[in-house]
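In what follows, a single structure is set out as C-alpha cells and then discussed.
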Amino acid sequence: MVSVGTMAFLAQELMFFAGLFAMYFTSRANGLAAGDWAHQTENLNVIFGLIITIVLLASSVTSQVGVFAAERGDVFGLRKWFSVTILLGVVFLGLVAFEWTEMVHEGVTPQASVYGSVFYIITGFHMAHVTAGILAFIVVLLRVSKSKFTPAQATAAMVTSYYWHFVDVVWIGVFTTIYLVQ
C-alpha cells in the first residue's frame with residue numbers, strides 16, 4: 001500500500017505542473033495577440049515529438065512490468081525491467097536534448113521570445129523530473145542488489161513506478177499542449 005505521503009507528494013507535483021501549464025496558456029494568449037506565437041511554433045517537429053512520447057510511454061510499461069515482477073518476488077525480473085526503464089528514460093532525455101538543439105538552430109531560444117522561454121521552462125522542468133525518476137530507479141536497483149529482497153523493497157519499486165507514471169502522464173499533457181495545441 002502506498003502511503004499518504006506519496007499521494008501528497010504527487011499532488012504537490014501536480015500543482016507545480018498546473019502552474020507551468022497556466023504560464024503556457026497565459027503566455028500563449030498574449031503571444032497570439034502580439035502575432036509572434038505562431039511563427040515560433042512553426043519550428044516544432046510533431047512527428048519527432050510523437051516519437052519522444054512513444055519512448056516515454058514504453059518506459060512506463062517496462063516500469064509496471066518491473067513492479068509486477070517485484071510483487072511476485074522476482075528480483076531478476078525487477079532488475080531487468082527497471083534497467084530497461086532507465087535506458088528508455090535516458091533515451092528520452094537524449095531525444096529532448098536533441099529537440100532543444102534543433103529549436104536553438106531554428107532561432108527559438110529563451111532570449112528570443114516568450115514562446116522560447118516557456119518551451120524550455122516546461123520541457124526543462126519535465127526533464128529534471130525524468131532525471132529524478134531515473135535516479136530513483138537506480139536507488140531501488142542498488143537497494144535490491146545490496147540486500148535480501150524484502151516487501152519494503154517491493155513497496156519502494158511500486159512508489160518509484162507511481163512517480164514514473166505521473167511523469168509520463170505529465171508528458172502527455174506537455175506533448176498535447178506544446179506540439180498539438182501550439
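The values are calculated or read from the model by the stated rules, or taken from the named source; none is laboratory data. Model, not experiment: these values are computed from the prediction. Counting neighbours? That spans all protein chains shown, and the Cβs are built from the backbone with ideal geometry, glycine included. Side chains are part of the model used for accessible areas, which takes the heavy atoms of the whole protein and leaves out ligands, DNA and RNA. Shrake-Rupley method; radii C 1.70, N 1.55, O 1.52, S 1.80 Å.
Condition check ((1) over 26 Å from residue 48 (Cβ atoms); (2) without any contact (Cβ under 8 Å) to a residue 40 or more places away in the chain) across all residues:
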| site | (1), (2) |
| --- | --- |
| 85 | no, no |
| 97 | no, yes |
| 100 | no, yes |
| 114 | no, no |
| 134 | no, no |
| 143 | yes, yes |
| 156 | yes, yes |
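Answer with yes or no whether residue 40 is of a type in the set (S, T, N, Q) and either surrounded by 11 or more Cβ atoms within 10 Å (Cβ to Cβ) or closer than 27 Å to residue 107 by Cβ (or both).
yes
Can you tell me how many residues within segment 85-105 are under 19 Å from the mean Cα position of the chain (by Cα) and either of a type in the set (D, E, K, R) or open to solvent by 50 Å² or more (accessible area, probe 1.4 Å) (or both)?
7
Looking at segment 167-180, which of the residues that are touching a residue at least 60 places away in the same chain (Cβ under 8 Å) and open to solvent by 30 Å² or more (accessible area, probe 1.4 Å) is nearest to residue 96 (Cα to Cα)?
So the residue we want is 172.
If you check 53, 26, 62, 6, which single one turns out to be part of a helix (DSSP H, G or I), open to solvent by 70 Å² or more (accessible area, probe 1.4 Å) and among the polar types (S, T, N, Q)?
26
Of the residues that sit in segment 69-83 and are without any contact (Cβ under 8 Å) to a residue 24 or more places away in the chain and open to solvent by less than 100 Å² (accessible area, probe 1.4 Å), which one is farthest from residue 55 (Cα to Cα)?
74
Within segment 123-149, can you find the residues that are basic (Lys, Arg) and surrounded by 12 or more Cβ atoms within 10 Å (Cβ to Cβ)?
Listed by number, the list holds a single entry, 143.
Residue check, residue 152 against (1) closer than 26 Å to residue 49 by Cβ; (2) surrounded by fewer than 17 Cβ atoms within 10 Å (Cβ to Cβ), all met but one. Which one?
Against the list (1) closer than 26 Å to residue 49 by Cβ; (2) surrounded by fewer than 17 Cβ atoms within 10 Å (Cβ to Cβ), residue 152 comes up short only on (1).
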